[in-house]
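S.K.: Quick one: the structure is below, questions incoming.
The values are calculated or read from the model by the stated rules, or taken from the named source; none is laboratory data. In this text, all values refer to a predicted model and were calculated from it rather than measured experimentally. A quick note on method: Cβ atoms are made from the backbone with ideal geometry, for glycine too, and the neighbour counts reach across all protein chains shown. Heads up: the accessible areas ignore ligands, DNA and RNA and are worked out on the full protein's heavy atoms, side chains in. Shrake-Rupley method; radii C 1.70, N 1.55, O 1.52, S 1.80 Å.
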Amino acid sequence: MFAANVAFDDVQFETKSNRVKGLAFHPRRPWILASLHSGVIQLWDYRMGTLIDRFDEHDGPVRGVDFHRSQPLFVSGGDDYKIKVWNYKLRRCLFTLLGHLDYIRTVQFHHEYPWIVSASDDQTIRLWNWQSRTCLAVLTGHNHYVMSASFHPKEDLVVSASLDQTVRVWDIGGLRKKSVAPMEDILRIPQMNADLFGGGDTSVKYVLEGHDRGVNWASFHPTLPLIVSGADDRQVKLWRMNDTKAWEVDTLRGHVNNVSCVIFHAKQDIIVSNSEDKSIRVWDMSKRSGVQTFKREHDRFWVLASHPELNVLAAGHDSGMIVFKLERERPAYASYGNCLYYIKDRFLRCFEYSTGRDNPLMSIKRAGPGVNQGPRGLTYNPAENAILVCSDAEGGIYELYNIPKDGTGRGDVQPDALKGSASSAVFVARNRFAVLDRNSSQILIKNLQNEVTKKCSLPGSSADTIFYAGTGMLLCKSEDKMILFDVQQRKSIGEVSAPMVKYVVWSSDMSNVALLSKHAIVLCNKQLQQTCTVHETIRVKSGAWDDNGVFVYTTLNHIKYCLPNGDNGIIKTLDVPLYVTRVFGSILFCLDREGKNLQIPLDSTEYLFKLALLKRQFDQVLGMVRSGQLCGQSIIAYLKDKGFPEVALHFVQDEASRFDLAIECGNIEVALQAAQAIDKKETWHRLGVEALRQGNYQIVEFSYQKTKNFERLSFLYLITGNLEKLSKMLKIAEMRGDVMSCFHNALYLGDVRARVRVLEDAGLLQLAYLTAKTHGLTDEAEKIATELEGNVPEVQEGSKLMLPPQPIVKEENWPLLAVSKGMLDGILAEDPGAYDIDEDEVDAAGAAWGEDLDLPGIAGDGEEDSEDMEEAVVGDEDEDDGWDMEDLELPADIANGDADIAADIGRDQGPYVAPPPGIPAVQKWVQKCSVAGELAAAGDFDNAMKLLNRQLGISHFEPLKQYFLDAANGSHVSLPTVSGIPSFVLGMERNWDAEAPAGRTQRPSILYTLDVLEEQLKKGYKLVTEGKFVEAQKVFTAIIHTIPLLVVETRKEVDDAKELLRISRDYLIALRVELKRKEVKDDPKLVAELAAYFTHCNLQPIHSSLSLRSAMSIFYKMKNYNTAATFCRRLLELNPPAKIAQQARQVLLACEKTPSDAVAVDYDARNPFDICTLTFKPIYRGNKYAECPFTGARFAPECKGQVCPLGDLTRIGDEGTGLVCSASQVR
């Protein structure tokens, strides 16, 4: 007999596509080929769940596909009679083999020789040499379609299955002997016709008869002389063969339709078959019985594939394929102190981390026969030297073993175990362990004699697993949360939202815990208060805490880390999955799927660097910077994001990166050095913009000179009042022949004569006359008037003189504010090699820029200023007692309180540039927020959307775009400043308190509140009462869109929000039904049905009354008096006004005289139902339905996958953990 229909332990990957007819695993990479009935071949990475490539040159269905074992090739065969050989690296078909005269069913590469075997509906099997692209042999003998053919994995045999009800084994040894001599191929070409109908190279070795219908598949065992076959007689047959004969061993019965494919498992003694009865069945080879069944509702299975090395299988069905495992591969283990206890090959073993010794302690009995019966979990009790082993056998059992004290490493001891039924069991004290009994929904506390000492009710009705959480404490896993339960007090202490947790990992001091789900990690403290959440796109496998409080974990293909603040990264890439057991310093101890202990060296520099930054241990940061152990763009990006770009400057070697970082942190000196090394125009331009922002006139001037930006140079000299260099710019413009530049420079200088001359040279005599006349140059004006010959323009009265403004600051850099240095700045300043440019060099360079414009034809003559400055400095040094600090009489407040500050300022060579701003409030909010509405208000839209997708199943965020933007804008305020300076944008915090401690971060202010939504609800009620259904629909849809971003404080408000969601959902359903009724007014029957459905919507009494009156009128007019009478009675139960009640009684009296219905409608008032707002049909109680994960609205099953019309946010049938709108729900 078969076990109950269950899901396999681990569905790795699933696709949705056309019918899959062929499958093939890559022997080394996590790839699988799927050939479709539509003619497309898909190449998938089943580990990452991504489509790598698609190939679609076949004309018609592709039924067979196979990878080559060593070359980047695969072969395919289809209904177009063609065999195609492809190179997946080149992404194209290399060549096509022609010869078959009908559909090709299967193709396969030989494991050693350059051969391909193909089976076809032309009743033949062909062997091909894909290197010479010739047909080697045609195997004839079947008299019906050949459904499959495959090579033996080691011997020179081919097995084929045909609809002629036979399985044939072919000997191709002669063909192999011929292929040893390469020249034989050439000599054999003229004899091809002789071999067409079966030559001497191949022969039939066995014909296996026993099936009553056509055989669809036959496979060799990978190591034993066995064959398995499946046929249309619904049977699976096992055959054995030797050198002389083959015979039937047994028949496996259980399928109820045609068996389409059957194979041996590569690693276990089991047979796997699938069928058109929509099931996959697993058979025990030794007992010849079924042990597991997996069924789909609507899809027939067509093909199976087994990975040659791994415990992975794939099955193709009508709507795609699944990749799955039959048995858990994670070893059961528990780590304590210096030892790792784990189970391998039915032995309990102990591995010592310090010495590397690995000893067997005792043998463990296997829980039972069949798949997935091995140990699932292991818990160790150090006080009593005992272990608890849990498995899924018999519906879930536990076994309590006492480890022998005299175990000397032989492992031949097999102590008796105390057993019991439970879904999980863990130790909770020195001599007590807890057992979860799901049948009674209780936690049983037992002693080491397996006797019940206490019973506790489960903290959550849906709790299905318990984990250790310290002495007397348990973690109880429910569907969407983890509950911290005190066994002694029998009460819940805390809970956190963490759906479908699979494993729990505590730190060594029990201060932190990691909750591992399939695609997420939630880190909490010992009170189960969430500190951060990390989401992964591929499966999380295991994890362990290191001594620094960093969580190191593994996914399917990476070793990663997670810091306490949620920052994470990749440490190492893995070829195969590993299970972390312990992290000691830079060594990671782990188990592989074979149960081998491995030690992997870790480069922990990156996460220790980030951890030091997080803890503000800047001495360690500086040590790592100086040692040069860090590199890479990811570290640079991390430092920029965290507000430490100046740190990156100390170890970044790339000049472009150094320049970008220097510009970002405002370090103009380092930016100058990098710009000189790069020497590109755009780099000098960016440096000039930043220097101008800081008011560093010298570097701005130098940058404009390097880019030869004459217009900007002229304007710079204008605003700094450097008239001398402005005059030089006028000369340069004249030499360049640039008329506009000449005019601008003359205008900036206020040199009217020069402007008149420029206008004259340009031929603009009238403008030259006006300029001269306006500015009082009478002689020049008369001269120009003569040239104009009477065409002299009139000068308007009140003309203004165009003279340049007077600069406030002349030829000096802007003054900078002197501030105290931060801790990190002080440490970095102690590094003598931190900057390669000192202030003396900058001053010297600045003087050089003042002297020489670095432009052709103009000599520098600005040395006087530099000499004057030097004389001034020397003069100051020669003054008597000018710097005699001992004779100064300082005020008492300076001498006592501010002396240190004064000394710091005195020691600086110049004013200190203000450091970059600290961590913005938004970033602090993101670290603190745990609700989607708060994340949206903080501007972290990405994490908010991920949270809403996980909690509410929202996948279409376009309708929420404006709500997100409004939430983010609503948490900020813009404060205007003086003219020309941007406004200050500040974050507004919720429940802000002026007396709160400094540095304490609150949560962002929230735009959407319950009060606002309640006002919207009242507005919606009013619109419904007035019959404005379209406007009302918009109001209730807006409420639905707002609720995901709602944030409340108390549990009562959470319940109010959920009630508001329910009301909005019910009204939207009702409004859609009523609007649909108005659309189909030409169909009286449908109008009546929709009116009847409308009365069953959960509405306010006034609205229910209106809907009943409408339905009563419609059914009365169409002479459905019996149904109209039910509406009258329901209306009277609502106690309507007297006038309406009188009308209802009159209609009821008339209906009771002729209690019949003239028109049959799809409406049963006595059977409760929900309304599908896509099909507008009732879903009666007990029928199947699909549900919206957000609103909970129910739809017909065929609507699954469509967008829910109540808000257009989710897909019907998706999953969600539920609405979370308060921090109290995640504590």
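S.K.: Taking the range 122-151, which residues are within 23 Å of Lys84 (Cα to Cα), in a loop (DSSP other than H, G, I, E, B) and either open to solvent by less than 10 Å² (accessible area, probe 1.4 Å) or touching a Ser or Thr at 6+ places or on another chain (Cβ under 8 Å) (or both)?
M.R.: Start the filter on the range 122-151 by keeping residues that are within 23 Å of Lys84 (Cα to Cα), which leaves 122-140, 145-151.
Retained after the next criterion (residues that are in a loop (DSSP other than H, G, I, E, B)): 122-123, 130-133, 145.
Within the range 122-151, Gln123, Tyr145 qualify.
S.K.: Counting residues that are under 21 Å from Pro804 (Cα atoms) and of a type outside the set (Gly, Ala, Ser), which helices (runs of 4 or more DSSP H) fully inside the range 661-723 reach at least 2? I'd like the intermediate steps shown before the answer.
M.R.: Details: elements: 668-678, 681-694, 697-707, 710-720.
Because the criterion is at least 2 residues that are under 21 Å from Pro804 (Cα atoms) and of a type outside the set (Gly, Ala, Ser), the helices (runs of 4 or more DSSP H) in the range 661-723 that meet it are 697-707, 710-720.
S.K.: Please count how many residues of the range 1171-1181 are open to solvent by less than 40 Å² (accessible area, probe 1.4 Å) and part of a loop (DSSP other than H, G, I, E, B).
M.R.: Total satisfying the criteria: 3.
S.K.: Please specify each residue of the range 1182-1227 satisfying the condition of being within 25 Å of Lys481 (Cβ to Cβ), part of a loop (DSSP other than H, G, I, E, B) and of a type in the set (D, E, K, R).
M.R.: Within the range 1182-1227, Asp1214, Glu1215, Arg1227 meet the criteria.
S.K.: Please find, among Leu1131, Leu1086, Leu1149, the residue that is at pLDDT below 90, in contact with a Lys or Arg (Cβ under 7 Å, 6 or more places away or on another chain) and part of a helix (DSSP H, G or I).
M.R.: On the way: Leu1086 fails: in contact with a Lys or Arg (Cβ under 7 Å, 6 or more places away or on another chain); Leu1149 fails: in contact with a Lys or Arg (Cβ under 7 Å, 6 or more places away or on another chain).
From the options Leu1131, Leu1086, Leu1149, the qualifying one is Leu1131.
S.K.: Right, something else. Return the residue satisfying two criteria in turn: it lies in the range 439-467 and is within 20 Å of Thr379 (Cα to Cα) and assigned to a loop (DSSP other than H, G, I, E, B), and of such residues it is least open to solvent (accessible area, probe 1.4 Å).
M.R.: Once the filter is applied, the top-ranked residue is Ala463.
S.K.: For the range 412-438, give me each residue that is among the hydroxyl-bearing types (Ser, Thr, Tyr) and either touching a residue at least 60 places away in the same chain (Cβ under 8 Å) or open to solvent by less than 70 Å² (accessible area, probe 1.4 Å) (or both). Spell out how you get there, then give the answer.
M.R.: Of the residues in the range 412-438, the ones among the hydroxyl-bearing types (Ser, Thr, Tyr) are 421, 423-424.
The answer is Ser423, Ser424.
S.K.: Moving on. Condition (residue is charged (D, E, K, R) and modelled with pLDDT of 70 or more) applied to the range 795-817: is it met by at least one residue? Break it down stepwise before answering.
M.R.: So in the range 795-817, the residues charged (D, E, K, R) come out as 797, 800, 810-812.
From what is left, the residues that are modelled with pLDDT of 70 or more are 797.
Yes, there is a match, as at least one residue in the range 795-817 is charged (D, E, K, R) and modelled with pLDDT of 70 or more.
S.K.: Which residues, taken from the range 1157-1175, are touching a residue at least 40 places away in the same chain (Cβ under 8 Å) and within 36 Å of the chain's Cα centre (by Cα)?
M.R.: Selection gives Ile1171, Thr1173.
S.K.: Any idea which residue in the range 748-779 is modelled with the highest pLDDT, counting only those that are surrounded by fewer than 20 Cβ atoms within 10 Å (Cβ to Cβ) and aliphatic (A, V, I, L, M)?
M.R.: Per the criteria, the residue is Leu767.
S.K.: Under the condition of being basic (Lys, Arg) and touching a residue at least 24 places away in the same chain (Cβ under 8 Å), which residue from the range 49-74 is most open to solvent (accessible area, probe 1.4 Å)? Walk me through how you get there before you give the answer.
M.R.: The first filter runs over the range 49-74 and keeps only residues basic (Lys, Arg), leaving 54, 63, 69.
If we keep only those that are touching a residue at least 24 places away in the same chain (Cβ under 8 Å) as well, we get 63, 69.
Working: Arg63: 37, Arg69: 133 Å².
Step by step, filter the range 49-74, then rank; the result is Arg69.
S.K.: Of all the residues that make up the range 1015-1028, how many are open to solvent by less than 80 Å² (accessible area, probe 1.4 Å) and among the acidic types (Asp, Glu)?
M.R.: Looking only at the range 1015-1028, we keep the residues that are open to solvent by less than 80 Å² (accessible area, probe 1.4 Å), and these are 1016-1017, 1020-1021, 1023-1025, 1027.
Subsequent filtering for residues that are among the acidic types (Asp, Glu) retains none.
Matching residues across the range 1015-1028 total 0.
S.K.: For the subset of the range 1110-1124 comprising residues that are within 12 Å of Ala1091 (Cα to Cα) and of a type in the set (A, V, I, L, M), which member is most open to solvent (accessible area, probe 1.4 Å)?
M.R.: Taking the candidates together, the pick is Ile1114.
S.K.: So, one more: Of the residues Lys1081, Lys1052, which single one is part of a helix (DSSP H, G or I) and open to solvent by 70 Å² or more (accessible area, probe 1.4 Å)? Show your work before the answer.
M.R.: On the way: Lys1081 fails: part of a helix (DSSP H, G or I).
Matching residue, one of Lys1081, Lys1052: Lys1052.
S.K.: Out of Ala656, Ala691, which single residue is hydrophobic (A, V, I, L, M, F, W, C) and either within 40 Å of the chain's Cα centre (by Cα) or surrounded by fewer than 22 Cβ atoms within 10 Å (Cβ to Cβ) (or both)?
M.R.: Going through Ala656, Ala691 in turn, the sole match is Ala656.
S.K.: Out of all the residues in the range 1029-1040, which are under 19 Å from Glu1079 (Cα atoms) and either open to solvent by 50 Å² or more (accessible area, probe 1.4 Å) or in contact (Cβ under 8 Å) with a residue 40 or more places away in the chain (or both)?
M.R.: Taking the range 1029-1040 and keeping what is under 19 Å from Glu1079 (Cα atoms), we get 1029-1034.
Selection gives Phe1029, Val1030, Glu1031, Gln1033, Lys1034.
S.K.: Then there is this: When the range 503-550 is examined, which residues are found to be farther than 25 Å from Gln951 by Cα and free of Cβ contacts under 8 Å to residues at least 60 places away in the same chain?
M.R.: The answer is Trp506, Ser507, Ser508, Asp509, Met510, Ser511, Trp545, Asp546, Asp547.
S.K.: From the residues in the range 1142-1164 that are open to solvent by less than 30 Å² (accessible area, probe 1.4 Å) and of a type in the set (A, V, I, L, M), which one is nearest to Leu1132 (Cα to Cα)?
M.R.: Filtering the range 1142-1164 down to residues open to solvent by less than 30 Å² (accessible area, probe 1.4 Å) leaves 1144, 1147-1148, 1151.
Next, from what is left, pick out any that are of a type in the set (A, V, I, L, M): 1144, 1147-1148.
On the way: Ala1144: 7, Val1147: 11, Leu1148: 10 Å.
For the range 1142-1164, the residue satisfying everything is Ala1144.
S.K.: Hey, does the range 391-400 have a residue that's closer than 26 Å to Phe264 by Cα, open to solvent by 40 Å² or more (accessible area, probe 1.4 Å) and modelled with pLDDT of 80 or more?
M.R.: Applying the first criterion (closer than 26 Å to Phe264 by Cα) to the range 391-400 yields 391-394.
Checking which are open to solvent by 40 Å² or more (accessible area, probe 1.4 Å) leaves us with 392, 394.
Adding the requirement that they be modelled with pLDDT of 80 or more leaves none.
No, that holds for no residue.
S.K.: Suppose the filter is touching a residue at least 12 places away in the same chain (Cβ under 8 Å), crowded, with 18+ Cβ neighbours inside 10 Å and under 22 Å from Ser421 (Cα atoms); does Ile364 pass it? First the steps, then the outcome.
M.R.: Working: touching a residue at least 12 places away in the same chain (Cβ under 8 Å): yes; crowded, with 18+ Cβ neighbours inside 10 Å: yes; under 22 Å from Ser421 (Cα atoms): yes.
So Ile364 passes the test.
S.K.: Right, here's the next one. Inspect the range 249-263 for any residue being among the basic types (Lys, Arg) and under 33 Å from the mean Cα position of the chain (by Cα) and give the result as yes or no. Step through it out loud before you land on a result.
M.R.: Within the range 249-263, the first condition is being among the basic types (Lys, Arg), and the residues that meet it are 253.
Adding the requirement that they be under 33 Å from the mean Cα position of the chain (by Cα) leaves none.
For the range 249-263, residues among the basic types (Lys, Arg) and under 33 Å from the mean Cα position of the chain (by Cα): absent.
S.K.: Pull up the range 695-729, narrow it to residues that are over 54 Å from the mean Cα position of the chain (by Cα) and open to solvent by 30 Å² or more (accessible area, probe 1.4 Å), then point me to the one that is nearest to Ser741 (Cα to Cα).
M.R.: Ser727
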